[in-house]
Amino acid sequence: MARKIVKSRYYGDEGLIETMAEVPVDKLKAWGPDAELKVVGKPVSRLDGYEKVTGKAAFTFDVSLPRMTYAKILRSMVPHAKIRSIDTSEAEDLPGVLKILTHKNCPVIPWHWGTTVLFDTEVRYQGDEVACVVAESMQIAEDALSLIKVDYEILPFVSDPSEAMKAEAPKVHAWGNIIDGKPSLYSRGDVEKGFQDSDVIFEDTYSTQVVVHNPTEAHCSVVSWDGDKLTVWDSTQALFGVRDAIAKSLSMPASKVRVIKKFMGGGFGGKLEAGKYSVIAALISKEIGRPVRIALDRKEMNLSVGNRPDSVQKLKAGAKKDGTLLALSHYSFGNVGAYPNDADCSWPLRTLYKCPNVRTEEYSVLTNLGRARAYRAPGHVQGTFAFESMMDDLAEKLGLDPLELRRKNYTEIDPVSNRPYTSKLILDAYQKGSEAIGWKEKRKPAGSEKGRFRRGIGMASQIWWGGGGPPAYATIKLNEDASLHVMAGTQDLGTGTYTFLAQIASEVLELPIEKIQVTIGDTETCPYCSLSGGSMTAPSVSPAVRDASEQMKRKLISAAGAILETSESNVKYSAGKMSRLDDPAKIISISEVIEKLDEKMIVTTGAREANPEGYEINTFGAQFAEVEVDTDTGKVRVIKVVAAHDIGRVLNQKTLFNQLHGGIIQGIGYALMEERVVDTYTGKVLTTNIHDYKIPTIMETPQIEVIIVSSGDLLISNTGVKGVGEPAIIPTAAAIANAVYNATGVRIKSLPITADKVLMALSEKN
Amino acid sequence: MSKDSKKGGISRRKFLQGVGSGIIGSYVLTPGIAKAAEALKKNSEKLILSVPLTLKVNGKQAHLLVEPRTTLAEVLREKLGLTGTKVACNNGECGGCTVLLDKKAVYSCHILALDAEGKEVTTIEGIMKGENLHPIQQAFIDHDGLQCGFCTPGQVMAAEALLLKNPKPTRQDVLEGMSGNVCRCAAYPNIIESVLAAAEKAGSETAELK
Ligand code: FES
Ligand code: FES
């Protein structure tokens with residue numbers, strides 16, 4: 001139970017995180033591969049299933065407070081302009097309008113690292129905030145928006161990142177269009193020499209599109225003041241991050257801001273940041289003295305709350321005849337939109353395989369479009385598509401089986417840090433995945449299929465972080481009726497957090513899962529946990545719950561020893577009962593102990609232990625796709641995906657498989673249909689609803705086989721869990737692209753692989 | 001769709017003419033008669049009047065006053081507090097707001113409340129018996145046919161409509177019947193399993209009864 005403060009280092013969505021954290025001095029022994037677990041790992045049904053299937057689940061979208069008012073944001077209709085004037089008088093006259101906020105009457109609150117403010121006088125993309133109306137109803141607020149007159153001085157704009165990089169391009173910000181004014185660089189070894197020594201050189205350019213998160217629940221907040229205290233219901237993946245950002249924006253102590261989020265309708269990375277809309281709502285709410293609800297509409301969702309940046313990636317590989325990689329180089333640029341973010345995507349190339357000589361050069365480019373944000377495995381998804389497509393091309397050029405080429409370049413240690421991995425079972429994933437798809441028996445030489453419908457099989461590897469780390473805490477309360485309450489300041493995105501946290505406590509204390517209640521998503525009542533991104537919720541929080549539960553068990557044993565008048569070592573704990581080893585008839589229940597203690601409840605708080613020193617923690621995997629290409633229409637159909645992953649211990653098979661299915665199908669959307677389309681002549685987005693922006697429907701569901709090759713990473717934590725949310729989507733597009741190549745003999749180097757591209761490529765080949 | 005078509009068959013002009021000819025008493029103005037009347041004088045083109053509407057929702061009559069442009073989803077959520085119906089796109093593109101209208105699945109965000117008059121509206125709240133789950137809901141829990149749960153009430157209602165029409169669907173029937181309901185979490189494989197399991201269970205129970 002003793003604790004110490006350590007430096008914690010782990011990778012999240014935004015890259016390396018270094019922070020101080022309180023961790024247990026003594027690490028609990030991890031459950032071993034053959035630990036006989038009764039609840040953990042089992043396909044337990046979601047604890048929150050009832051709320052969700054009945055529609056009773058309280059999403060932020062559903063929060064309704066007495067005297068609540070409705071806010072709606074007026075957004076720029078043009079990609080770049082100065083606001084000469086705004087006339088809100090007519091809108092203010094509309095009955096039911098309570099308040100209109102514009103740059104004229106809003107305090108100056110810096111946003112996006114000071115590159116803009118809450119309401120800027122210069123708008124830099126179609127969708128930038130111009131004004132906000134709060135009214136008695138949503139309808140009135142919407143009506144009022146159309147009465148606001150904005151006089152814009154139109155400025156030149158740029159939508160295409162390759163144009164934006166040119167010296168003469170219109171400037172999105174006065175300081176330039178390239179983040180930091182320079183590329184981000186990485187190198188190891190001597191790349192030129194590596195290429196010189198190579199027998200074979202392969203070079204090509206791959207590109208990916210902008211895709212939009214489009215979670216079903218819109219970004220939304222409901223805010224309510226109580227004097228100087230603010231409560232914010234927000235659809236967020238980062239409770240404490242939102243709390244701190246709002247407190248900072250409003251210059252108030254974080255302790256006066258409470259952020260609540262019980263359920264959320266998806267996030268996928270888009271809800272990791274605080275939104276301007278929450279701060280705007282809070283400002284107006286304070287002024288009018290009534291709660292404000294602000295929910296973005298689908299058009300705003302497609303314009304203004306983030307996307308996965310696109311990429312153009314020029315790759316070059318040098319290898320020996322036997323396939324040994326000698327040199328890799330990567331040059332890329334990507335569109336981050338109107339405000340800073342990064343579009344880097346070379347991590348897979350740097351880390352997937354052993355290669356002594358590597359160089360990368362990456363540009364994050366500003367344009368007059370909606371800003372990019374983290375989106376499920378940021379960088380890795382676009383990077384893996386290009387790199388693993390290229391590995392396939394290289395294998396073809398070398399006359400090697402693509403799987404062999406990958407095995408050949410397997411590495412035991414992380415090629416960037418030279419540290420060993422805590423575990424790496426990618427070879428097992430290759431083995432089991434290839435067997436399941438029928439790699440040997442079914443896969444034919446590329447392009448050898450004839451006839452209208454051609455089938456092919458392809459694969460791609462996956463690497464991601466996903467080890468999580470401290471700080472993360474969980475408090476548990478054991479009640480007199482032997483029911484248990486788990487509290488942790490984490491979030492559930494639909495990922496099963498409620499359920500697996502309960503499973504851990506149930507496992508340790510041998511209490512039925514029905515007796516366990518979980519509260520998460522509240523900064524005021526729950527101890528701190530980090531944001532839910534980077535596939536780190538389960539690996540960070542589950543060990544804290546196990547720690548708290550083991551402490552609880554020790555407390556109960558200690559109490560039972562005192563009550564049964566014996567030493568603790570003479571007490572056996574079993575399913576909520578404590579008995580004397582030497583006299584099993586002397587037995588006492590949790591309820592009796594708590595009654596005797598006169599406490600009504602026993603409370604413990606557990607913490608995530610430190611990550612092991614000197615190691616890298618990564619998830620690994622491989623996906624294999626079988627596709628059918630209709631050579632008459634160009635349409636690609638994914639028939640089957642086998643997903644074999646090393647993600648440490650499985651906490652809940654049901655929710656884990658579901659999450660993998662979801663990642664794979666989102667990956668199919670990325671590979672085949674999703675794309676934010678921009679008219680570069682007007683700078684406007686053409687896909688602002690989910691009719692035009694194509695999301696996979698149930699019709700796109702392939703057969704999916706999930707194989708988990710890991711049984712628990714003994715080095716990382718007491719639960720041995722790694723995350724899975726992001727690994728699920730990383731290799732899908734590359735596996736599909738490689739399968740399309742295998743089916744047709746044509747390589748589609750730009751995503752999405754739409755019918756027109758396939759037809760064009762086929763006709764060029766013939 | 002444009003704002004105008006949202007107003008459906010009832011034209012705003014007609015209402016305002018009605019007001020002019022002294023029928024004002026039979027309509028209630030929002031948000032408050034005095035303020036509205038004053039605003040009406042000043043700005044009559046911008047005012048939208050509420051009309052009486054009787055809806056039958058989950059077997060019960062509800063008497064309401066709504067602006068003609070109000071959608072069924074808005075009435076269900078905002079006036080009747082039936083927030084089980086979710087709105088994800090508000091534009092007839094995703095199925096999040098699916099309810100039954102005379103036993104057929106419809107997008108309630110894309111239907112005017114006025115057009116639902118005289119029909120039976122069933123929402124997710126209406127398929128339960130008290131706190132007890134409908135078998136389709138139970139199947140969605142058992143087969144984990146959901147992740148975030150935001151699309152789930154719509155999925156359940158689409159499944160209910162499908163099974164009412166076709167109690168023994170094939171897998172292909174399920175794909176077609178559920179294809180109007182987007183799940184961004186893409187819990188589709190389990191949604192398919194859930195619907196098939198619910199159908200099979202209902203089938204075996206009717207067989208037992210026979
Ligand atoms: S919310 Fe009605 S169809 Fe999308
Ligand atoms: S469960 Fe999240 S959208 Fe369907």
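Quick notes on this structure:
- Peptide A:651-662 is shielded by partner chain Cβ atoms: per residue, an average of 4 of them sit within 10 Å of its Cβ.
- Shape box of segment A:55-147 [Cα atoms, principal axes, largest first, Å]: 43, 33, 23
- Sites A:Arg637 and A:Glu18, calculated FRET efficiency, Cβ-Cβ separation with R0 35 Å, nearest 0.05: 0.20
- A versus B: buried accessible surface, summed, Å² (probe 1.4 Å, to nearest 100): 4600
- With viscosity 0.890 mPa s and temperature 25 °C, the Kirkwood radius over alpha carbon pairs of segment A:433-523 converts through Stokes-Einstein to a diffusion coefficient of 139 µm²/s.
- With a Förster radius of 51 Å applied to the beta-carbon distance between A:Asp228 and B:Glu176, the computed FRET efficiency rounds to 0.35.
- For segment B:131-210: span of alpha carbons on each principal axis (Å, largest first): 41, 30, 17
- A Cα-only calculation for segment A:314-446 places Rg and Dmax at 16.7, 50 Å.
- Using C-alpha pairs under 8 Å with a sequence gap of at least 6, the mean separation divided by the residue count of chain A gives a relative contact order of 17 percent.
- Ranking of B:Lys201, A:Lys56, A:Lys7 by solvent-accessible surface, largest first: A:Lys7, B:Lys201, A:Lys56 (1.4 Å probe, protein heavy atoms only, all chains present).
- Counting only Cα atoms, segment A:213-368 measures 73, 31, 27 Å along its principal axes, largest extent leading.
- Partner chain coverage, peptide A:90-100 - average Cβ within 10 angstrom: 3
- Rolling a 1.4 angstrom probe over chain A with all protein chains present gives an accessible area of which 51% lies on carbon and sulfur atoms.
- Couplings 3J(HN,Hα) for segment A:95-107, derived from phi with the Karplus relation 6.51 cos²θ - 1.76 cosθ + 1.60 (θ = phi - 60°), are x, x, 7, 9, 6, 10, 10, 9, 5, 6, 10, 9, x Hz, where x marks Gly and Pro.
- Residues with amide H under 5 Å from that of A:Arg3, placed H, sequence gap 5 or more: A:Val25
- Histogram of C-alpha separations across segment A:640-766, 10 Å bin width, %: 12, 33, 29, 18, 7, 1
- Rounded to the nearest 0.05, the FRET efficiency derived from the C-beta distance between A:Lys596 and A:Met252 at R0 = 51 Å is 0.70.
- Within 10 Å of each Cβ in B:85-95, the average number of Cβ atoms from other chains: 6
- Ordering A:473-485, A:11-23, A:251-263 by mean Cβ neighbour count within 10 Å, with the highest value first, yields A:473-485, A:251-263, A:11-23.
- Amide H within-cut-off set for A:Tyr152, under 5 Å, with H built and near neighbours excluded: A:Arg84
- Difference of contour (0.36 nm per residue) and Cα-Cα distance, A:Glu705 to A:Ile154: 193.1 nm
- Computed from backbone phi, the HN-Hα couplings of segment B:83-88 come to 7, x, 6, 9, 10, 10 Hz, rounded to whole numbers (Karplus: 6.51 cos²θ - 1.76 cosθ + 1.60, θ = phi - 60°; Gly and Pro given as x).
- Based on alpha-carbon atoms, the Kirkwood radius and the radius of gyration of segment B:48-126 give Rg/Rh equal to 0.92.
- Amide H contacts under 5 Å for B:Val66, placed H, 5+ residues apart: B:Val51, B:Leu53
- Cα-based convex hull volume of the protein assembly as shown per residue, rounded to whole Å³: 190
- Cα gyration tensor category, rounded, prolate or oblate, for segment A:579-723 with a/c compared to 1.5: prolate
- DSSP-assigned coil residues among trypsin sites (Lys or Arg not before Pro) in segment B:60-115, each with at most 15 further Cβ atoms within 10 Å: B:Lys103
- Membrane-span-like helices of chain A, defined as complete DSSP H segments with a Cα extent of 24 Å or more along the helix axis and a mean Kyte hydropathy of at least 0.5, are absent.
- Counting 0.36 nm for each residue step from A:Lys7 to A:Thr680 and taking away their Cα separation leaves a gain of 237.6 nm.
- 3J(HN,Hα) from dihedral phi, segment A:185-193, Karplus parametrisation 6.51/-1.76/1.60, rounded to Hz, x for glycine, proline: 10, 8, 8, 9, x, 10, 5, 4, 5
- Full-stretch length increase - A:Glu36, A:Asp93 - with 0.36 nm per residue and alpha-carbon distance subtracted: 13.6 nm
The values are calculated or read from the model by the stated rules, or taken from the named source; none is laboratory data. Everything numeric in this text was worked out from a predicted model, so none of it was measured. As a convention, Cβ positions derive from the backbone with ideal geometry for all residues, glycine included, and neighbour counts pool all protein chains shown. Heavy atoms of the whole protein, side chains included, go into the accessibility calculation; ligands, DNA and RNA do not. Shrake-Rupley method; radii C 1.70, N 1.55, O 1.52, S 1.80 Å.
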